[in-house]
Amino acid sequence: MTTHDKGPDMRVTVAGVEFRSPVIAASGTFGYGIEFEEIVSLERIGGFVTKGLSREPMVGNAAPRIIETAAGMMNAIGLQNMGVRPFISEKLPKLRKLPGAVVIANVFGFTIEDCLEVIGALNDAEGIAMYELNASCPNTSHGGMVFGTDPALLHELTARCKAAAKRPLMVKLSPNVTSIGQMAKVAEDGGADAVSLVNTFVALSIDVVTRKPRIANVTGGLSGPAIRPIAVRMVHEASRAVKIPVVGMGGIVRAQDAVEFMLAGATAVQVGTASYADPRAVENIANGLRRWCAAHEVTHVSSLTGAALLN
């Protein structure tokens, strides 16, 4: 049987980890994966990224912390999560029983030592394919400077976490920088096995009647289709700056959006905000991408990566 007979080959490999589809559920929008097992066929999507895991449980920011915006949403959840150790004891055993689930653990901390402790705890746990290191957190030991916006800090964070990690390390980059290509290269030089981008853009929305911010935290992260063209440009720039795989995200709501990111240089994509409107969005986009490839005679989805006809 030829590849054409059985349909397009949807497999992609990121940092040595094979995914059945390049469409992955993004961190913070898919819970811990367990919540979606009755809704989404996990074997039909590439995998999913857990909510960010911290050293200790976090309750997050005060409400309101999610609002709708034109062509997107703003959030300031505040990285609410159960903490790494309860995740390992309560969620991971259930995840290991799910067929076809490729689990990426999202890691964050407010100091490098926080991140190292989370990685250390996860290293000995079974059922995780790789780590995604959130570099968009403020480093409290350096006056609140965000790791992902300072090259020296990002390099140190990446290098120390990579040295501690027993699994591949993907660094999730902040878009709130002058040169995303430079920051991707810094992560690569620090030892990152892959980079993912973009995280949300810092944004502000004001209620014109009360004259107060619409989000309790004042600012929040903007995501959704409104940011997609900027995210596609940043993925293109990052992919040209590094030799490691780039995983793209930012406003993907349909199969063609995923194709656009891959043409710009992404090896795989993550779907986030779309899951709020449609809990089955990740699976629907993955299925739609397979149909798109079949309709356009793309026999291997991996051939789309970096195939845009750009000068």
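Please tell me the relative contact order of segment 1-76 in percent, rounded to the nearest whole number, where contacts are Cα pairs under 8 Å and at least six residues apart.
23 percent
Give me the net charge for the shell around residue 43: Cβ to Cβ below 15 angstrom, other residues only, Lys and Arg +1, Asp and Glu -1.
+3
Taking the chain as a Gaussian network, where each spring joins two C-alpha atoms under 10 Å apart, which residue of 238, 71, 268 fluctuates the most?
Highest fluctuation among the options: 71.
Report the one residue of 308, 294, 272 whose Cα lies farthest in the direction of the positive end of the charge dipole of segment 182-311 (charges on C-beta: Lys and Arg +1, Asp and Glu -1; origin at the Cα centre).
The listed residue farthest towards the positive side: 272.
Please find, in a Gaussian network model of the chain (springs between Cα atoms separated by less than 10 Å), the residue of 91, 172, 212 whose mean-square fluctuation is greatest.
Comparing 91, 172, 212 in a Gaussian network model of the chain, the most mobile one is 212.
Output ³J(HN,Hα) for segment 202-219: one whole-Hz value per residue in order, computed from phi by the Karplus curve 6.51 cos²θ - 1.76 cosθ + 1.60 with θ = phi - 60°, and x for Gly and Pro.
Taking θ as phi minus 60°, the curve returns 5, 9, 9, 10, 10, 6, 6, 7, 7, 6, 10, x, 7, 10, 4, 7, 6, 9 Hz for segment 202-219.
Given the pairs 94/172; 97/172; 185/243, which span a C-alpha to C-alpha distance of over 18 angstrom in this model?
94/172; 97/172
Under a straight-distance cross-link criterion of Cα-Cα below 19 Å, which lysines are reachable from residue 91, leaving out those fewer than 8 residues away in the same chain?
Cα-Cα hits under 19 Å: 51.
Quick one: net charge of residue 193's neighbours, Cβ under 13 Å, K/R +1, D/E -1?
That sum, taken over residues with Cβ under 13 Å, equals +2.
How large is the dipole of the chain about the Cα centre if only Lys and Arg carry +1 and Asp and Glu carry -1, each at its Cβ, rounded to the nearest 20 debye?
In total the dipole reaches around 240 debye.
Among 302, 196, 89, 275, which comes first, then next, by fewest other beta-carbon atoms within 10 Å?
Fewest-to-most Cβ neighbours within 10 Å comes out as 89, 302, 275, 196.
Could you give me the percent of Cα pairs per 20 Å distance bin for the chain, shortest bin first, beginning at zero and ending with the bin that holds the maximum distance?
Once binned at 20 Å, the Cα pair distances of the chain give 35, 59, 6, 0.
Once the piece of chain linking residue 43 and residue 209 is laid out straight, how much longer is it, given 0.36 nm per residue of separation minus the C-alpha distance between them?
The residue 43-residue 209 span can extend by a further 55.0 nm.
In whole angstrom, how far apart do the alpha carbon centroids of segment 58-74 and segment 241-278 sit?
Here the two parts' Cα centres lie 22 Å apart.
State, in angstrom, two size descriptors of segment 154-224 derived from its alpha carbons: Rg to one decimal place and Dmax to the nearest whole number.
Taking only Cα atoms of segment 154-224, I get Rg and Dmax of 16.4, 52 Å.
Picking from 128, 14, 262, whose Cα lies most toward the positive end of the charge dipole for the chain (charges on Cβ: Lys, Arg +1; Asp, Glu -1)?
After comparing all options, I get 262.
At 222 nm, what helix-only mean residue ellipticity would the chain give, in deg cm²/dmol to the nearest 500, using -39500 (n - 2.57) for each DSSP H run of four or more?
After summing the helix terms and dividing by the residues of the chain, the value is -8000 deg cm²/dmol.
Values in this text are rule-based calculations from the coordinates and carry no lab data. Everything numeric in this text was worked out from a predicted model, so none of it was measured. Cβ coordinates were reconstructed from backbone atoms using ideal geometry, including for glycine residues, and neighbour counts include every protein chain displayed.
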